[in-house]
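We did not get these values from a lab; they are worked out from the coordinates using the rules stated. Fair warning: this is a prediction, and the values are worked out from it, not measured in the lab. Cβ placement follows ideal geometry from the backbone for every residue including glycine, while neighbour counts extend to all protein chains displayed.
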């Protein structure tokens with residue numbers, strides 16, 4: 001009896017399609033992506049790609065979500081200031097990489113329904129970690145009662161988002177403590 | 001001698017092209033826009049459109065910038081809290097209209113070089129008003145010395161931007177004082 005490796009061929013097909021997809025995205029931009037071009041570059045049949053991924057957006061979403069979805073570490077330094085600096089620092093590190101930048105840009109695009117999944121995953125991963133940081137701070141009595149924690153997190157992330165998408169301002173590690181120093185006083189008890 | 005109205009025909013052509021452009025954008029979305037479709041709908045020759053506007057993005061940019069560029073009022077209520085509430089309230093009012101929402105979405109898109117003009121105008125109009133508000137506050141001694149005013153404005157605008165583009169959260173008039181209350185303590189002397 002021979003051992004049968006289930007998923008072997010399917011996994012190879014997926015990897016080849018991912019490689020071809022991202023080669024086109026990085027070299028020509030996302031709007032140059034077509035199922036026909038991915039089929040030609042990957043050697044995978046067009047009908048197979050259509051059946052499994054549906055659209056060019058579906059190809060990118062499958063790659064991006066498989067590469068970026070992971071348990072996001074929850075900082076736990078014993079004080080809110082340090083936790084927020086670490087949390088925002090991780091987000092900055094992510095969006096400074098090409099893949100993170102792509103996720104951010106896709107998440108802001110409303111013209112392709114498929115990208116909602118990327119936006120939702122990006123949001124959920126970061127917001128869950130942020131909410132745990134706030135919970136720890138509340139247990140230590142650091143938070144102002146009645147603070148809108150969602151709004152606080154959106155405000156902390158806000159300037160990164162504005163700089164990356166609107167003003168083209170610098171987003172580096174040195175920005176993070178400045179943002180925390182600016183927003184923290186309005187959050188504290 | 002007859003009176004010659006200069007620009008009459010040219011202005012009519014522009015208006016017809018604008019109307020056709022935005023009819024397609026509102027009903028089918030910006031990615032459905034083509035010079036051929038605008039030519040057919042407006043009755044203006046394709047070559048004329050190419051010569052004057054270049055690309056579909058150029059058509060949208062010309063309409064959007066002609067409609068939205070205006071001296072942005074500078075609030076002057078004698079205190080920073082009231083001025084910021086008024087300033088952000090005007091921005092919220094703008095992005096709650098379809099045209100403002102479109103400007104915001106275009107400003108976040110990096111795939112069309114033509115949209116940089118929209119982004120830049122949106123940024124400059126709002127940031128100039130914001131910087132004047134900060135100057136007045138500094139003259140009254142309200143601002144913390146060494147405050148990064150650009151970062152402060154990016155942080156105040158941040159949650160609006162994050163909600164509109166990332167989290168799909170509510171952006172209404174009631175959000176504005178909450179944001180100001182959150183960020184203001186870190187800005188004050």
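Just which residue of chain A brings its Cβ nearest the axis of rotation onto chain B, and by how many angstrom, rounded whole?
A:158, 1
Using the 7 Å Cα-to-Cβ label point, sort the distances from residue A:168 to its equivalents in the other copies shortest first and give them in nm to one decimal.
Label-point separations across copies, in nm and ascending: 3.1.
Evaluate 2.2 N^0.38 Å with N set to the residue count of the range B:8-60, then give the Cα radius of gyration divided by it. Working shown, then result.
On the way: Rg = 9.9 Å, N = 53, 2.2 N^0.38 = 9.9 Å.
Ratio of Cα Rg to 2.2 N^0.38 Å: 0.99.
Per DSSP H run of n ≥ 4, the term is -39500 (n - 2.57); total these for chain B, divide by its residue number, and report the mean residue ellipticity at 222 nm rounded to 500 deg cm²/dmol. Before the final figure, lay out each step's value.
Details: 9 runs with 124 residues, N = 189.
Taking each H run of at least 4 residues, the total per residue is -21000 deg cm²/dmol.
Ranking request for peptides B:159-166, A:126-133: highest mean number of other beta-carbon atoms within 10 Å first, then the rest in descending order.
Result, highest mean first: B:159-166, A:126-133.
Taking just the C-alpha trace of the protein assembly as shown, give me its Rg and Dmax in Å.
That works out to 24.1, 103 Å for Rg and Dmax.
Please sort A:27-34, A:173-180 by packing, taking for each peptide the average over its residues of neighbouring beta carbons within 10 angstrom, highest first. Could you put the intermediate results ahead of the total?
Details: A:27-34: 13.4, A:173-180: 17.8.
Ranking the peptides A:27-34, A:173-180 by packing returns A:173-180, A:27-34.
Taking the label point 7 Å from Cα in the Cβ direction, how far apart in nm is residue A:185 from each other copy of itself, listed shortest first?
From this label point to the equivalent ones elsewhere in the assembly: 1.0 nm.
When Cβ neighbours within 10 Å are restricted to other protein chains, what is their mean count per residue of peptide B:163-174? Don't jump to the answer; show the numbers that get you there.
Working: counts 4, 2, 10, 14, 11, 5, 4, 0, 0, 0, 0, 0.
Mean inter-chain Cβ contacts per residue within 10 Å come to 4.
What's the long-distance tail for the range A:50-129, i.e. % of Cα pairs beyond 23 Å? List each step's numbers first, then the result.
On the way: 854 of 3160 pairs.
That fraction is 27 percent.
At q = 0.09, 0.15, 0.16, 0.19 Å⁻¹, what log₁₀ I(q)/I(0) does a Debye calculation on the Cα points of chain A give, no solvent, two decimals?
-0.43, -0.91, -0.98, -1.22
Order by neighbour count: A:47, B:167, fewest other Cβ atoms within 10 Å first, most last. All intermediate terms of the calculation are to be shown ahead of the outcome.
Values: A:47 10, B:167 20.
Fewest-to-most ranking of A:47, B:167: A:47, B:167.
Counting only other chains, and only Cβ atoms inside 10 Å, what mean value do you get across the residues of A:117-124?
On the way: counts 0, 0, 4, 3, 0, 2, 5, 1.
Taking all residues of A:117-124 together, the mean is 2.
Put a dot 7 Å past each Cα toward the Cβ at residue B:66 and residue B:16; how far apart are the dots in nm?
Roughly 1.4 nm, to one decimal.
Give me the inter-chain shielding for A:25-33: mean count of other chain Cβ atoms within 10 Å, whole number please. Can you show the working numbers first?
Working: counts 0, 0, 0, 0, 2, 2, 3, 1, 0.
The per-residue average across the peptide is 1.
Taking 0.36 nm per intervening residue step and subtracting the Cα-Cα distance, what contour gain separates residue B:135 from residue B:28 on full extension? Before the final figure, lay out the partial values.
Values: separation 107, 0.36 × 107 = 38.52 nm, distance 4.37 nm.
Net length gain for the segment: 34.1 nm.
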